[in-house]
Amino acid sequence: MSHDASTGAAGKTGGLTLGRLLQSPLALPLIGLIVVSILMGLASDNFFTLNNILNVLRQVSVVGILAVGMTFVILTGGIDLSVGAVMALVGTLSAGMMVNMGVPAAAALALGLLIGLGIGLANGVLVAWGRMPAIIVTLATMGMARGLGLIYSGGYPISGIPSWISWFGVGRIGIIPVPVVIMVAIYAVAWVLLQRTAFGRHVYALGGNENAARLSGVKTQRVKLAVYGISGLTSALAAVILTGRLMSGQPNAGVGFELDAIAAVVLGGTAIAGGRGLILGTLIGAVLLGILNNGLNLMGINPYLQDVIKGAIILLAIYIGREWR
Amino acid sequence: MLELKGIRKSFGKIEVLHGVDLDVRAGEVHALLGENGAGKSTLMKILCGIIQPSEGKILINGAERHFADYDQAIAAGIGIVFQEFSLIPWLDAVENMFLAREIRNRFGMLNRKAMHRRAAEIMRQLAVDVPLDVPVHRLSVAEQQFVEIAKALSLNARILVLDEPTATLTPSEVEHLFKVMRELRKQGVAIIFISHHLEEIFEICDRITVLRDGEFVGSCAVSEVDNDRLVEMMVGRRIENNFPAKVPVPSPAPVVIDVEELQLKKGGPVSRFQLRKGEILGFAGLVGSGRTETVLAMLGAGPVQRCRLRLNGTQKRFRGPDEALAAGIGLLPESRKEQGLITSFSILQNVSLNNYGKYRKNHWFIDLKKELAATRTAMAQVRVKAQGPHARVDTLSGGNQQKVVIARWLNHDMQVLIFDEPTRGIDVGAKAEIYALMREFTQKGGSIIMISSELPEVIGMSDRVCVFRSGGLVATVEGDQIESETIMTHATTGRVEHVA
Ligand SMILES: Nc1ncnc2c1ncn2[C@@H]1O[C@H](COP(=O)(O)OP(=O)(O)OP(=O)(O)O)[C@@H](O)[C@H]1O
Ligand SMILES: [Mg+2]
């Protein structure tokens with residue numbers, strides 16, 4: 001499958017030549033991924049082991065899933081700062097329902113997904129019908145979600161959830177970690193939505209020229225509602241994995257994850273102003289970020305310095321990306 | 001004074017200018033002519049340093065010059081009015097005109113007064129009354145056009161390029177512009193003028209240069225050619241540029257849209273009109289007369305005080321273009337770049353943007369094959385010149401971009417199309433084609449409201465004409481009364497009905 005433009009058209013048919021590959025918007029993220037992988041492989045003998053690679057992918061899955069919703073939102077020209085806090089809130093509430101309220105675990109997880117979707121839709125209503133800037137709306141809901149989680153739990157992790165839930169966090173299907181399977185499935189659904197449905201085209205249209213989209217009859221407000229809803233839902237899905245991994249509801253989890261998610265989207269070649277980008281790019285961006293984290297850890301670099309290095313690499317990548325076009 | 005020699009330009013592998021020469025003398029108005037996509041705008045952007053030629057020379061007063069960017073060209077005395085606007089929407093007219101060339105006082109602070117004075121002076125020269133201190137996005141397209149022109153004039157350029165400045169102006173405004181151009185010509189300024197209105201060429205230009213598909217066809221004095229010869233040079237064949245015959249609408253024709261009452265502003269005039277099945281209803285009037293505002297208000301896409309309308313006999317109220325679309329009413333807005341196109345989309349994506357109902361597969365998915373086939377047909381119908389359906393629309397020439405928006409709506413099965421300046425920037429050959437398609441649409445039972453500032457177009461195409469003035473409808477004319485004098489009289493002196 002090739003793409004003639006980053007705006008999500010299905011590609012012209014034809015052979016997959018190197019020239020075409022280099023012109024694809026995915027080329028740069030891919031090259032970045034390869035370069036960083038090679039560097040990490042050189043720096044650490046353990047990097048290119050199957051175990052480590054699966055491990056990296058498993059670690060990537062939470063931010064990777066948050067970044068899916070973030071991609072939808074950013075493509076419309078918006079932003080969602082609330083993803084990390086919503087994830088923590090959903091995880092905390094689900095665990096609380098199971099442990100303190102006697103709700104069956106499966107039902108608690110399902111309710112958690114609904115809560116995530118609901119918060120996302122609330123963001124959407126405020127942005128689309130309230131006509132408020134997305135950055136402000138989601139900054140506010142980020143604070144509220146974080147605060148509510150802390151109030152509900154008194155600031156302490158809620159543990160004692162049924163042990164089968166750990167399957168979502170650390171289970172395996174064959175050798176593949178369950179979170180990786182879930183992440184890939186979510187990306188597949190997102191790809192179909194963006195590339196093969198009218199809704200997907202309208203998402204891109206909104207980021208490209210909202211005014212023109214509106215005047216030609218696109219229901220712009222509903223599209224906005226939907227993308228924030230999707231973002232809330234993917235935050236809740238990420239919460240399921242996180243809960244399974246930590247075997248508890250952690251009100252303080254996911255601080256700063258919204259920034260990692262945004263970084264993954266942008267490293268994947270999506271324009272921060274919207275209208276251009278591919279969901280596969282986001283997957284590459286998320287993995288790239290994960291490899292950096294993993295590699296820097298393997299090398300035993302001071303965590304504070306790691307942040308500095310990561311920031312510098314993101315700046316560099318985006319600079320190269322701009323010069324490339 | 002100015003010579004371009006053997007200019008070639010390629011975008012990627014595709015060459016769009018194949019060695020073009022242009023020779024412009026001081027104190028002349030030089031017409032640059034050619035079909036949509038011939039390479040006129042590209043050549044002018046090369047002259048202004050905005051894009052770099054692949055090959056060729058630019059000579060000014062005999063000396064070879066290279067412009068790395070637009071600033072260097074300005075410094076060399078070149079000014080340009082772009083075909084696509086380059087104004088910053090949130091700044092006002094004065095701020096736009098002096099952007100990056102602000103007048104400062106002794107303390108390095110902006111000297112707003114001096115800039116305002118200079119801007120007002122230029123506007124007076126142009127004999128137009130454009131509000132100087134509202135953000136330009138609130139101005140009409142024609143007013144924005146004048147801000148663009150004023151911006152170029154404020155540079156005191158010796159070589160002035162006007163890329164389709166008259167596309168959005170009404171005849172009287174064009175006259176003002178021509179007056180200024182004649183004045184500049186007297187002062188020895190060389191003017192390059194691009195337009196698809198051939199009568200303007202004969203009125204104002206001294207010499208012409210014709211391009212066809214990026215090839216240099218020839219240069220000569222205007223007096224050496226006539227209209228037919230010009231068209232032949234541009235298109236390479238003769239064109240019967242007639243409007244399709246008007247077919248009498250069977251009466252009594254059913255009324256599709258009945259606007260019983262429409263008031264834009266509190267205390268403003270109230271308009272009433274009817275659109276009948278199978279007719280083209282022209283909206284004529286000066287710029288700012290309220291034609292665009294009226295249709296936007298009808299669809300719930302613009303401010304409105306009061307609106308009562310019936311669609312096929314039932315009371316209706318549209319809260320936005322999406323609801324109008326669902327009811328079978330499509331709008332082609334006046335500004336293709338700001339309101340019509342998603343410029344980062346391909347032609348295909350723009351054509352099908354609001355029409356996915358047509359290509360569904362398993363209910364949820366887009367049938368890509370059908371979509372591609374339909375786009376190809378639509379492109380061929382209006383003759384879009386492009387590399388293919390996957391070309392991004394921002395790589396198309398202005399006229400071809402306009403054709404894409406038209407293709408979008410002709411590809412739809414709507415009962416009503418509202419076309420706001422549909423042929424803006426479209427060349428003579430393609431125009432005839434589009435007129436024929438519009439007629440075909442009404443023959444099949446569709447109805448069209450056509451807003452146009454081109455009087456010949458209004459007269460040639462409309463079955464009835466509504467004339468607007470100062471925000472309201474002043475008269476509806478039909479039959480023999482559809483001629484320029486009657487329409488212009490209503491447009492300039494018509495009485496508007498006011499209701500509190
Ligand atoms: N950035 C670009 N990339 C690829 N092709 C381009 C680009 N810019 C222009 N072209 C192509 O160059 C050709 C000439 O375009 P140009 O805008 O100069 O035409 P024009 O004569 O001004 O037409 P119009 O009358 O419609 O304004 C067109 O075929 C257009 O598609
Ligand atoms: Mg042009």
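The values are calculated or read from the model by the stated rules, or taken from the named source; none is laboratory data. Note that the coordinates shown come from a computational prediction; the quantities given were computed from them, not determined experimentally. So basically every Cβ, Gly included, is an ideal-geometry build from the backbone, and we count neighbours across all protein chains shown. In case anyone asks, the SASA skips ligands and DNA or RNA and just uses the protein heavy atoms, side chains included. Shrake-Rupley method; radii C 1.70, N 1.55, O 1.52, S 1.80 Å.
Some observations on this one:
- Members of segment B:48-81 that are in a loop (DSSP other than H, G, I, E, B), under 14 Å from B:ILE7 (Cα atoms) and either touching a Phe, Trp or Tyr at 6+ places or on another chain (Cβ under 8 Å) or hydroxyl-bearing (Ser, Thr, Tyr) (or both): B:CYS48, B:GLY49, B:SER54
- Boolean, B:ARG106 is away from ligand 1 (no atom under 11 Å from the Cβ), of a type outside the set (A, V, I, L, M), more than 24 Å from B:ARG207 (Cα to Cα) and open to solvent by 60 Å² or more (accessible area, probe 1.4 Å): yes
- Unmet requirement for B:GLN339, which otherwise passes all of (1) in contact (Cβ under 8 Å) with a residue 40 or more places away in the chain; (2) closer than 30 Å to B:GLY285 by Cβ: (1)
- Any chance B:ILE257 is at pLDDT 95 or above and either at negative phi or open to solvent by 80 Å² or more (accessible area, probe 1.4 Å) (or both): yes
- Selected residue [farther than 19 Å from A:ILE65 by Cβ, open to solvent by 50 Å² or more (accessible area, probe 1.4 Å), touching a strand residue (DSSP E or B) at 6+ places or on another chain (Cβ under 8 Å) and in a helix (DSSP H, G or I)] from A:VAL99, A:VAL181: A:VAL99
Here's the yes/no breakdown for (1) small (Gly, Ala, Ser); (2) without any contact (Cβ under 8 Å) to a residue 60 or more places away in the chain; (3) in contact with a Ser or Thr (Cβ under 8 Å, 6 or more places away or on another chain):
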position	(1), (2), (3)
A:GLY229	yes, no, no
A:THR234	no, no, no
A:MET247	no, no, yes
A:GLN250	no, no, yes
A:GLY254	yes, no, no
A:VAL265	no, no, yes
A:GLY269	yes, no, yes
A:GLY274	yes, no, yes
A:GLY277	yes, no, yes
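- Residue count for segment A:209-261 satisfying the condition of being of a type outside the set (Ser, Thr, Tyr), away from chain B (no Cβ under 13 Å) and outside any helix (DSSP H, G or I): 9.
- Complete set of residues in segment B:342-363 that are touching a Lys or Arg at 6+ places or on another chain (Cβ under 8 Å) and at the interface with another protein chain (Cβ under 7 Å from one of its Cβ atoms): B:THR343, B:SER344, B:PHE345, B:SER346, B:GLN349, B:LEU353, B:ASN354, B:TYR356
- Single residue of segment B:15-38 satisfying the filter (of a type in the set (D, E, K, R) and within 13 Å of ligand 1 (Cβ to nearest atom)) that is nearest to the other protein chains (Cβ to nearest Cβ): B:GLU15
- Residues located in segment B:16-31, provided they are more than 25 Å from B:GLU203 (Cα to Cα) and either within 26 Å of the chain's Cα centre (by Cα) or within 16 Å of ligand 2 (Cβ to nearest atom) (or both): B:VAL16, B:LEU17, B:VAL20
- Residue match in segment B:403-417 (condition: within 16 Å of ligand 2 (Cβ to nearest atom) and away from chain A (no Cβ under 13 Å)): yes
- Single match in B:ALA100, B:ALA75, B:ALA68 (criterion: at positive phi, open to solvent by 60 Å² or more (accessible area, probe 1.4 Å) and without any contact (Cβ under 8 Å) to a residue 60 or more places away in the chain): B:ALA100
- The residues of segment A:11-41 that are farther than 19 Å from A:GLY268 by Cβ, small (Gly, Ala, Ser) and at pLDDT below 85, listed by number, are A:GLY14, A:GLY15, A:GLY19.
- The sole residue among B:LYS13, B:LYS5 that is more than 16 Å from ligand 2 (Cβ to nearest atom), of a type outside the set (S, T, N, Q) and closer than 22 Å to B:SER397 by Cα is B:LYS13.
- For B:CYS48, the criteria (1) away from chain A (no Cβ under 14 Å); (2) within 16 Å of ligand 2 (Cβ to nearest atom); (3) of a type in the set (A, V, I, L, M, F, W, C); (4) over 20 Å from B:VAL189 (Cβ atoms) hold in every case but one, which is (4).
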